[in-house]
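What follows is a set of notes on a single structure, which appears directly below.
The values are calculated or read from the model by the stated rules, or taken from the named source; none is laboratory data. In this text the structure is predicted, and so the values were computed from the model without any measurement. Positions of Cβ are generated from backbone atoms using ideal geometry, with glycine treated the same way; all protein chains shown enter the neighbour counts.
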Amino acid sequence: MTGANEPGAAMKALIARLYPICRSITGEGVRETLGILCEEIPLEIHEVPSGTPVFDWVVPDEWVIRDAFVKDGTGERIIDFQAHNLSVVNYSRPFKGTLTLDELRPHLHAEAEHPDWIPYRTSYYQENWGFCLPWNRLQAMGPGPYEVEIDAEVKPGSLTYGECFIEGRSAEEVLVSAHCCHPSLANDNLSGIAVAVELIKGLMAAKPRLSYRFIFIPGTIGSITWLALNEARFPSIKAGLVAVNLGDPGIMHYKKSRRGDAPIDRAAAHVLKARGDHRIEDFSPYGYDERQFCSPGIDLPVGCLSRTPYGRFPEYHTSADNLDLVREEALAASLAAFREIFAVLERDGTWLNLSPMAEPMLGRRGLYAAIGGRSDTKDRQMAMLWVLNQSDGRHSLLDIAEKAGLPFALIADAAEVLAAHDLLAPAEGRVL
Ligand code: ZN
């Protein structure tokens, strides 16, 4: 490690490499993306055939896009998929013809509010075709005719997703999901992927207590497919986070799981509060894949950790969600927040004070000396007293941290020191 921003630079570089790829909910773009991730992490690639029933849905046919353009009378491509992959409506069906502007206009998408940006549009489940372009370019288009072609296919294939499992000492799992279905959009899509990759690398080196499962899936249909194929795993999943929008300059947001008071909800709230400006929001059945993980029949304890949430930054779902929007320092801070939340999940537990009749003599055991001389000596001493007082088997370390108004890490460190001096023992049969 040579500098605080080093992981930020690595994540930004990965985002820059993945940015030009035309991804969708199926197809080569997702395969190419996951192939690049395989260079950095051990990823298992799954292919689920088109037509596979997944709960109330069916895995769709695969989209193949080769080229798409609108040419003016001089033969110049005034809308060009090769220049920007947002230029074609994602999942456009093939089309070829010569059209006037009036005929073409219902198939053109532009936003007057952001006249220089290309909007992002999809048509996965409706058989349609179209183009997206800046409003200013649309205003400059003459009556035509235009040569229009979308060289695409929708045909039986498969839905591709990637999964990386890091086995801990406990079978209890933390699930992290990132969607990988957006084409050239950097914050919404690639920032979550990049942070997840960096988390995986760190966890693999750390040999954690909990097991971690990362899934890189197309939005909605990908999480539905994964859930349908993995029902047997649900009881092992003790916490989860959807990782998204982690590179923009906005403040951190945590959207609670449907349960609202799951360990992940409490851990995320505690960590974000300690880290500074942030916002905690209640669950709602909209947004990213937490909608699926938190559907009533599934109800997994999965929240959503982001900087600016779904749809709330002006660049959202436009060509302005590009590499300029994503900052190294924002990515690094997001990564740190995930790691601190994981640390709470790793270390939280309930302990029993083994010397509960009045305070044990800490000085005799060298416990005051052990913590003396540090700038936070007073806090460390208070952390010890709080842990001893509250460790009656009914309060977890996170409960104690909140009650004491002290950082979780300080409370967990105090518990470790006290356990090493045989003053504490785990209250439950917990894997340490
Ligand atoms: Zn999106």
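When you look at residue 140, is it without any contact (Cβ under 8 Å) to a residue 12 or more places away in the chain and either assigned by TED's automatic domain parsing to the domain that holds residue 42 or away from the ligand (no atom under 16 Å from the Cβ) (or both), yes or no? Reasoning before the result, please.
On the way: without any contact (Cβ under 8 Å) to a residue 12 or more places away in the chain: yes; either assigned by TED's automatic domain parsing to the domain that holds residue 42 or away from the ligand (no atom under 16 Å from the Cβ) (or both): yes.
It is true that residue 140 is without any contact (Cβ under 8 Å) to a residue 12 or more places away in the chain and either assigned by TED's automatic domain parsing to the domain that holds residue 42 or away from the ligand (no atom under 16 Å from the Cβ) (or both).
For residue 292, all conditions in the list (1) within 16 Å of the ligand (Cβ to nearest atom); (2) surrounded by 20 or more Cβ atoms within 10 Å (Cβ to Cβ); (3) part of a loop (DSSP other than H, G, I, E, B) hold save one; what is the number of the exception?
Unmet condition: (3).
So which of 25, 65 is touching a helix residue (DSSP H, G or I) at 6+ places or on another chain (Cβ under 7 Å) and buried (at least 16 other Cβ atoms within 10 Å of the Cβ)? Break it down into steps so the answer makes sense when it comes.
Numbers: 65 fails: touching a helix residue (DSSP H, G or I) at 6+ places or on another chain (Cβ under 7 Å).
Going through 25, 65 in turn, just one is touching a helix residue (DSSP H, G or I) at 6+ places or on another chain (Cβ under 7 Å) and buried (at least 16 other Cβ atoms within 10 Å of the Cβ): 25.
Go through the residues of the range 274-286 one by one and say whether even a single one is surrounded by 19 or more Cβ atoms within 10 Å (Cβ to Cβ) and part of a loop (DSSP other than H, G, I, E, B). Give the derivation first.
Applying the first criterion (surrounded by 19 or more Cβ atoms within 10 Å (Cβ to Cβ)) to the range 274-286 yields 283.
Keeping just the survivors that are part of a loop (DSSP other than H, G, I, E, B) gives 283.
So far as the range 274-286 goes, yes, one or more of its residues are surrounded by 19 or more Cβ atoms within 10 Å (Cβ to Cβ) and part of a loop (DSSP other than H, G, I, E, B).
May I ask you to say which residue of 258, 266, 275 is closer than 24 Å to residue 198 by Cβ and in contact (Cβ under 8 Å) with a residue 12 or more places away in the chain?
On the way: 258 fails: closer than 24 Å to residue 198 by Cβ; 266 fails: closer than 24 Å to residue 198 by Cβ.
Being closer than 24 Å to residue 198 by Cβ and in contact (Cβ under 8 Å) with a residue 12 or more places away in the chain holds for just one of 258, 266, 275, which is 275.
For the range 158-184, name all the residues that are within 16 Å of the ligand (Cβ to nearest atom) and more than 14 Å from the chain's Cα centre (by Cα).
Start the filter on the range 158-184 by keeping residues that are within 16 Å of the ligand (Cβ to nearest atom), which leaves 177-184.
Of everything in the range 158-184, those that are within 16 Å of the ligand (Cβ to nearest atom) and more than 14 Å from the chain's Cα centre (by Cα) turn out to be 183, 184.
Which of the residues spanning the range 217-236 are within 8 Å of residue 179 (Cβ to Cβ) and of a type in the set (Val, Ile, Thr)?
Listed by number, the list holds a single entry, 217.
May I ask you to list the residues in the range 214-235 that are in contact with a Leu (Cβ under 8 Å, 6 or more places away or on another chain) and not β-branched (Val, Ile, Thr)? Spell out how you get there, then give the answer.
Restricting attention to the range 214-235, the residues satisfying the condition of being in contact with a Leu (Cβ under 8 Å, 6 or more places away or on another chain) are 214-216, 218, 221-222, 225, 234.
Of everything in the range 214-235, those that are in contact with a Leu (Cβ under 8 Å, 6 or more places away or on another chain) and not β-branched (Val, Ile, Thr) turn out to be 214, 216, 218, 222, 234.
Would you please list the contacts, defined by Cβ atoms under 7 Å and residues six or more apart or on different chains, that run from a residue in the range 299-310 that is of a type in the set (Gly, Ala, Ser) to a residue that is within 13 Å of the ligand (Cβ to nearest atom)?
306/244; 306/245
From the list 68, 112, 13, which one is assigned to a strand (DSSP E or B) and among the hydrophobic types (A, V, I, L, M, F, W, C)? Spell out how you get there, then give the answer.
Details: 112 fails: assigned to a strand (DSSP E or B); 13 fails: assigned to a strand (DSSP E or B).
Going through 68, 112, 13 in turn, the sole match is 68.
Under 8 Å between Cβ atoms, which residue pairs at least 6 apart in sequence (or on different chains) link something in the range 1-23 that is closer than 25 Å to residue 182 by Cβ with a partner that is modelled with pLDDT under 95?
Final answer for the pair search is 23/189.
When the residues of the range 269-289 are narrowed to those that are under 30 Å from residue 231 (Cα atoms) and acidic (Asp, Glu), which ends up farthest from the ligand (Cβ to nearest atom)?
Filtering first and then ranking leaves 282.
Yes/no matrix, rows are residues, columns are (1) of a type outside the set (D, E, K, R); (2) within 16 Å of the ligand (Cβ to nearest atom); (3) modelled with pLDDT under 95; (4) more than 22 Å from residue 193 (Cα to Cα):
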{"site": "306", "(1), (2), (3), (4)": "yes, yes, no, no"}
{"site": "317", "(1), (2), (3), (4)": "yes, yes, no, no"}
{"site": "320", "(1), (2), (3), (4)": "yes, yes, no, no"}
{"site": "329", "(1), (2), (3), (4)": "no, no, no, no"}
{"site": "333", "(1), (2), (3), (4)": "yes, no, no, no"}
{"site": "340", "(1), (2), (3), (4)": "no, no, no, no"}
{"site": "365", "(1), (2), (3), (4)": "no, no, yes, yes"}
{"site": "370", "(1), (2), (3), (4)": "yes, no, yes, yes"}
